[in-house]
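Have a look at the structure below, then the notes.
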Amino acid sequence: MTQAIADNINNVFKYKERIFTFLIVGIIISGFAYVYLLHSAIANVVTREAVVKQNRILSTAVSELEAKYFEVKDTINIQLAHSKGFKDSDSTSYISASKSLTAMANNHEL
């Protein structure tokens, strides 16, 4: 048993330069991978901050447009329609869905 252990130790000493080189290369590759992944994480955070800022700007613009929409919506009434030339309809007719549920287009009307 001691001879087998001694042979294993001798094999380790025989290949110690290769083992050391392998470990150093592994540490260097791990270091480069760490730096690359850290850089990617930081770049993603910076990009996310830019997107959040742009989102905030767009949300503000949408809010302003909604406010303008509600202001204009409140000014539209029947008197404005009559002043623009619209007239009340004499007869009102509705389309019934029970007659036919299929649509037909002739001569490329769509």
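Any read-out appearing in this document is the output of simple, stated calculations on the displayed coordinates, not a laboratory observation. In this text the structure is predicted, and so the values were computed from the model without any measurement. Every residue, glycine as well, gets a Cβ built from its backbone with ideal geometry; the counts of neighbours run over all protein chains shown.
What the table shows:
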{"quantity": "Loop-located chymotrypsin sites (Phe, Trp or Tyr not before Pro) in region 1-31 whose Cβ has at most 13 other Cβ within 10 Å (DSSP)", "calculated": "15"}
{"quantity": "Given the chain, longest segment not containing exposed loop trypsin sites (Lys or Arg not before Pro) (DSSP; at most 14 other Cβ within 10 Å)", "calculated": "1-83"}
{"quantity": "Fully extended contour minus Cα-Cα distance, from residue 88 to residue 46, at 0.36 nm per residue", "calculated": "9.3 nm"}
{"quantity": "Angle in degrees between helix 16-75 and the longest Cα principal axis of the chain, rounded to the nearest 10", "calculated": "10"}
{"quantity": "Segment residue 3-residue 23, extension gain: residue separation times 0.36 nm, minus the distance between their alpha carbons", "calculated": "4.4 nm"}
{"quantity": "Length gained when the stretch residue 57-residue 81 is fully extended (0.36 nm per residue, less Cα-Cα span)", "calculated": "5.1 nm"}
{"quantity": "Space enclosed by the convex hull of the alpha-carbon atoms of the chain, per residue, Å³", "calculated": "440"}
{"quantity": "Helix 2-14 vs. the chain, principal-axis angle (Cα, 0 to 90°, nearest 10)", "calculated": "60"}
